[in-house]
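Right, one structure below, let's go through it.
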Amino acid sequence: MPATASLRDRKRQQTRERLEQTALRLFAAHGFDNVTVGDVCREAHVAPATFYRHFGAKEEVVFAYQTGFDEALQAAIASVRGDGAAPGQLLRILRIFAGHLQSQLPTLALRDRIVLDHDGLMRRTLAIQRDLEAELARGLAELRGLPEPDDAVLAEAAVGLVVLRVALRSWRAGRSDSLPTATQVAYAEVRRVLAVDGT
């Protein structure tokens, strides 16, 4: 019985991945609003009921990465627990999370193309980034023994998201061989800018 369940789970996961890749490819090629669930199902050779079992709506395909991002960020935060005092914790978290982002590059690039051309999807993307920033702040506060994020932790989490944005741009432009390395460089650059500008 477990072998049967395992095979069924694998087939279910393969169908979900096929639907996701098909939908993202069609959205990127034709525009999100110009592709229907029916179009995706025809291309993926599945019934609409199968699509809706995996994704409640076509928007959910674009944001299917959210759970994985949340889990990767939580794992990155957990991995620095017990590593000592605050200095360097943010950079270690960001580098680990950047490794996850790098592993998702082809799909992320496709999602970026879809989202950048659609105001509603862009708003939701920004909300997800805000949620990631809040999760990072909660994690940093916990690492520091704080009951909730204080202003310093909130600022540090905001800087963390800026570092990731700068690192992604730099890495995609080919100025670094890996996203974790680009993250370290961006972190140093942001610190330099803040040190020059601040007193």
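The values are calculated or read from the model by the stated rules, or taken from the named source; none is laboratory data. Quick caveat: nothing in here was measured; it's all calculated off a predicted structure. All Cβ positions, glycine included, derive from the backbone under ideal geometry; neighbour counts span all protein chains shown.
Scan segment 129-164 residue by residue and report those that are under 23 Å from residue 87 (Cβ atoms), among the charged types (D, E, K, R) and assigned to a helix (DSSP H, G or I).
Of all residues in segment 129-164, those under 23 Å from residue 87 (Cβ atoms) come to 132-164.
Narrowing further to those that are among the charged types (D, E, K, R): 133, 135, 138, 142, 144, 148, 150-151, 156.
Residues satisfying the conditions are 133, 135, 138, 142, 151, 156.
If the condition is being part of a helix (DSSP H, G or I), hydroxyl-bearing (Ser, Thr, Tyr) and touching a helix residue (DSSP H, G or I) at 6+ places or on another chain (Cβ under 6 Å), then segment 172-183 contributes only 183. Among 169, 111, which is part of a helix (DSSP H, G or I) and touching a helix residue (DSSP H, G or I) at 6+ places or on another chain (Cβ under 8 Å)? Testing whether each residue is part of a helix (DSSP H, G or I) and touching a helix residue (DSSP H, G or I) at 6+ places or on another chain (Cβ under 8 Å) leaves just 111. Hey, does segment 49-66 have a residue that's in a helix (DSSP H, G or I), surrounded by 12 or more Cβ atoms within 10 Å (Cβ to Cβ) and of a type in the set (Ser, Thr, Tyr)? The answer is yes, given that some residue of segment 49-66 is in a helix (DSSP H, G or I), surrounded by 12 or more Cβ atoms within 10 Å (Cβ to Cβ) and of a type in the set (Ser, Thr, Tyr).
For segment 17-36, check the following and say yes or no: at least one residue is farther than 18 Å from residue 64 by Cα and of a type in the set (Asp, Glu). No, every residue in segment 17-36 fails to be farther than 18 Å from residue 64 by Cα and of a type in the set (Asp, Glu). From the list 95, 18, the lone residue that is in a helix (DSSP H, G or I), in contact (Cβ under 8 Å) with a residue 24 or more places away in the chain and crowded, with 18+ Cβ neighbours inside 10 Å is 95. Listed by first and then second residue, the pairs with beta-carbon distance under 9 Å, at least 6 apart or on different chains, first residue in segment 33-57 and among the hydrophobic types (A, V, I, L, M, F, W, C), second exposed (fewer than 13 other Cβ atoms within 10 Å of the Cβ) and assigned to a loop (DSSP other than H, G, I, E, B), are 37/57; 41/47.
Has segment 24-33 got at least one residue that is assigned to a helix (DSSP H, G or I), crowded, with 19+ Cβ neighbours inside 10 Å, aliphatic (A, V, I, L, M) and out of contact with any strand residue (DSSP E or B) (no Cβ under 7 Å at 6 or more places or on another chain)? For segment 24-33, residues assigned to a helix (DSSP H, G or I), crowded, with 19+ Cβ neighbours inside 10 Å, aliphatic (A, V, I, L, M) and out of contact with any strand residue (DSSP E or B) (no Cβ under 7 Å at 6 or more places or on another chain): present.
Applying the criterion of being more than 18 Å from residue 180 (Cα to Cα) and not in a helix (DSSP H, G or I) to the residues of segment 67-84, the residue that is modelled with the highest pLDDT is 81.
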